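Novice: Dropping the structure in here first, questions after.
The values are calculated or read from the model by the stated rules, or taken from the named source; none is laboratory data. All values reported here derive from a predicted model rather than from experimental measurement. When we count neighbours, we look across all protein chains shown, and the Cβ atoms used for this are built from the backbone with ideal geometry, even at glycine.
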Amino acid sequence: MVGLNSPFGNPCCEISGPEISACLFSGEVSSTAASTSGYRIVTEACGLLDRSERGKLALTGSETKSFLQGQVSNDIESLTPGEGCYAAFLTPKGKMLGDLRVLDAGDELLLDTERSALQELFNMIRRFRIGFDVELHKRTVERGLVSLIGPAATEIAGVPDLPAAEHAHRPLELDGVPVRAIRTDVGVDLLCRSEDTEALIGVLTERGAEPVGEEIAECLRIERGRPRYGLDLDESVIPQEAGLNDRAVSFTKGCYVGQETVARLFYRGKPNRRLRGLRLTASASPGAEVVLGDRTVGHLASTAVSPRLGPIGLALIRREAEPGATVRVGDDGASATVVELPF
């Protein structure tokens, strides 16, 4: 529950993490036509999705990078202004407490994370920053976040010259609205003051962006094999199991919380389970058992009905269920082929 020591920035708002998730993901695509239309927008033009609910923080002070370097899995100290990275923050045993995007804005580090992981991130920073010249700032309520998804995103955002590297970012104004444009794997995110969010959406729609539903963005995410904390990942997962080493882990930086387990698994072992894609014969519900032969090898996580691929899903499954294997999913007769990611 949100309270006085909450990172959300509004002590009067009483919304818990599970309730937020239910609000975001309880809806279904209303019709095949709507799904096809939205999918075409994000794959051929530019879709717009308000993601202001994401958790947002900022760090200032002379020791922000050295502090965060010891807390997360990627190399923060190597960032320069205009660069960013994806990282995880872990338990001492290498299990994920959450993931986050880190942006070097010069005078501050900007962090954003899944709303379900925000409290853990806030608590971690507040607990371990003692002794460092680091100030923690709440930004969840103070900042809006709008995603442009699709091949026309950079043109509509007015940043055709934005570097292609994911998380590259720079400030600019869009028709008088100050924003920070951030490169994503599917387009551009725009960070703004919360009071400017409505005006920004108006500017973007006038430029040709078309609003799409969360289910369209989720379909694209699942197709690309990108796990989401709180849906596909939780506190039982080590980054390598989810295929996150390349994106989220530096093996050349110094020590950080959970490093020993992450490094040992990478250099000496093989994870017992891996994040895989499932090409389903029929829709199945998240949480359904995935069975190989007579053994349960995992559980279905995110699912979507892709206009391109049909029913698909992500699942952390045991390594004996190799790509190409056929598995049973749930109790309603669905089966699936295990595939490498992305689809």
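Novice: Please state which one of SER66, SER73, SER116 is in contact with a strand residue (DSSP E or B) (Cβ under 6 Å, 6 or more places away or on another chain), in the same structural domain as ARG193 (by TED's automatic domain parsing) and polar (S, T, N, Q).
Specialist: Going through SER66, SER73, SER116 in turn, the sole match is SER73.
Novice: Taking the condition of being farther than 18 Å from VAL179 by Cβ and either among the hydrophobic types (A, V, I, L, M, F, W, C) or loosely packed, with under 14 Cβ neighbours inside 10 Å (or both), how many residues in the range 127-142 meet it?
Specialist: So the answer is 9.
Novice: Also, quick follow-up: Would it be correct to say that GLY254 is in the same structural domain as PHE89 (by TED's automatic domain parsing), among the small types (Gly, Ala, Ser) and in a loop (DSSP other than H, G, I, E, B)?
Specialist: Criteria not met by GLY254.
Novice: Look through ARG228, ARG193 and report the one residue that is touching an Asp or Glu at 6+ places or on another chain (Cβ under 8 Å), surrounded by fewer than 19 Cβ atoms within 10 Å (Cβ to Cβ), closer than 20 Å to ARG54 by Cβ and not assigned by TED's automatic domain parsing to the domain that holds LYS138.
Specialist: Checking each option against the conditions leaves just ARG228.
Novice: If you don't mind, there's one more thing I want to ask. Given the criteria surrounded by 15 or more Cβ atoms within 10 Å (Cβ to Cβ), within 25 Å of ILE201 (Cβ to Cβ), among the small types (Gly, Ala, Ser) and modelled with pLDDT of 95 or more, does GLY38 qualify?
Specialist: yes
Novice: Still on this model: For the range 52-78, name all the residues that are over 23 Å from GLY243 (Cβ atoms) and in a loop (DSSP other than H, G, I, E, B).
Specialist: SER52, GLU53, GLY61, SER62, GLU63, GLY70, GLU77
Novice: Condition first: touching a Cys at 6+ places or on another chain (Cβ under 8 Å) and closer than 15 Å to LEU145 by Cα. Now tell me which residues in the range 197-208 satisfy that.
Specialist: LEU200
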